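Student: Next up is a structure, given as structure tokens.
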Amino acid sequence: MSGRGILFVMTGASGVGKDTIRQASLPAVEGLHYSVSATTRERRVGEVHGEHYWFLDKVTFKGMADRGEFLEHAEYVGDYYGTPTRAVRDALNCGRDVLLELEVSGARQVKKRRPDAIMVFIAPPTLCELERRLRGRGTDAEEKIQKRLARAREELRAVREFDYVVVNDTISTAVKDFIAIIRAERARAHRVTEQEVDLFLREVRA
Ligand code: 5GP
């Protein structure tokens, strides 16, 4: 799969604040399309089908996986999560940038298929703070919190596989850092098209 848009992958432990960073950043970076994932996990209070996730049963999810309809998919703490390929491909082909929010193994699958994807890791200031945030959220039973923390410890080891790291200590700073990464990537010289170069040159000659 290729396309003209830039593919951004945001990864980080559950509870680290990825959703908050995304929600605060999207209005500031025009033209960034968020890809809604599919999941088999229970819907949390306030979550909307098609907005937070596509909530699917396991049979439907497996059918999509078997038909190759996911760009990547992974198991996470007893449930399945996956990125439907079509919406991502269509957006990239239209020249729109796309943001995926994935756990580490999904991020690795995407990097393999799209080596040009820009990988951003969101890290907690400390594991104790992550634990405090997971508990404060009040959405998971103790057993799930423990599993999510264990997974977070593993995921932190993958940090060097990423292009950028944002430490979410203060949310406003983390949002600014994330927006800066998107803007910097968009401004890279190799993304300037031949038409744009022609336009610059015409103005220089005029
Ligand atoms: P949560 O249950 O807290 O919403 O998400 C659990 C983990 O799954 C988070 O790390 C989240 O980023 C990740 N996740 C969400 N959607 C996807 C997806 O489509 N694919 C993969 N691989 N991980 C996902």
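Student: Go through the stretch 19-41 and give me each residue that's within 12 Å of the ligand (Cβ to nearest atom) and at pLDDT 95 or above.
Tutor: ILE21, ARG22, TYR34, SER35, VAL36, SER37, ALA38, THR39, THR40, ARG41 - these are the residues of the stretch 19-41 that are within 12 Å of the ligand (Cβ to nearest atom) and at pLDDT 95 or above.
Student: Here's something else I'd like to know. For ILE122, only one of the following conditions fails: (1) in a loop (DSSP other than H, G, I, E, B); (2) touching a strand residue (DSSP E or B) at 6+ places or on another chain (Cβ under 7 Å); (3) open to solvent by less than 40 Å² (accessible area, probe 1.4 Å). What is its number?
Tutor: Of (1) in a loop (DSSP other than H, G, I, E, B); (2) touching a strand residue (DSSP E or B) at 6+ places or on another chain (Cβ under 7 Å); (3) open to solvent by less than 40 Å² (accessible area, probe 1.4 Å), only one is false for ILE122: (1).
Student: Here's another thing I want to ask about it. Can you report the number of residues in the stretch 190-206 which are open to solvent by 80 Å² or more (accessible area, probe 1.4 Å) and either part of a helix (DSSP H, G or I) or among the aromatic types (Phe, Trp, Tyr) (or both)?
Tutor: So the answer is 10.
Student: Among (1) buried (at least 19 other Cβ atoms within 10 Å of the Cβ); (2) in a helix (DSSP H, G or I), there is one condition GLU131 misses while meeting the rest; what is its number?
Tutor: All conditions are met except number (1).
Student: Right, next: Report whether or not GLU103 is away from the ligand (no atom under 14 Å from the Cβ), closer than 21 Å to ARG153 by Cα and surrounded by 15 or more Cβ atoms within 10 Å (Cβ to Cβ).
Tutor: Answer is no for this residue.
Student: Another question about this same structure. Test THR85 against the criterion of being at pLDDT 95 or above, over 17 Å from SER14 (Cβ atoms) and more than 15 Å from the chain's Cα centre (by Cα), and give yes or no.
Tutor: Judged against the criteria, THR85 is not a match.
Student: May I ask you to list the residues in the stretch 2-58 that are in contact with a helix residue (DSSP H, G or I) (Cβ under 9 Å, 6 or more places away or on another chain), in a helix (DSSP H, G or I) and crowded, with 16+ Cβ neighbours inside 10 Å?
Tutor: Within the stretch 2-58, ILE21, ARG22, ALA24, SER25 qualify.
Student: Has the stretch 194-206 got at least one residue that is of a type in the set (A, V, I, L, M) and touching a strand residue (DSSP E or B) at 6+ places or on another chain (Cβ under 6 Å)?
Tutor: Looking for residues that are of a type in the set (A, V, I, L, M) and touching a strand residue (DSSP E or B) at 6+ places or on another chain (Cβ under 6 Å), one finds none in the stretch 194-206, hence no.
The values are calculated or read from the model by the stated rules, or taken from the named source; none is laboratory data. As the structure is a prediction and not an experimental result, all values here were calculated from the model. For neighbour counting, all protein chains shown are included, and Cβ atoms are generated from backbone atoms with ideal geometry for every residue, glycine included. Note: areas computed on protein heavy atoms with side chains; ligands, DNA, RNA excluded. Shrake-Rupley method; radii C 1.70, N 1.55, O 1.52, S 1.80 Å.
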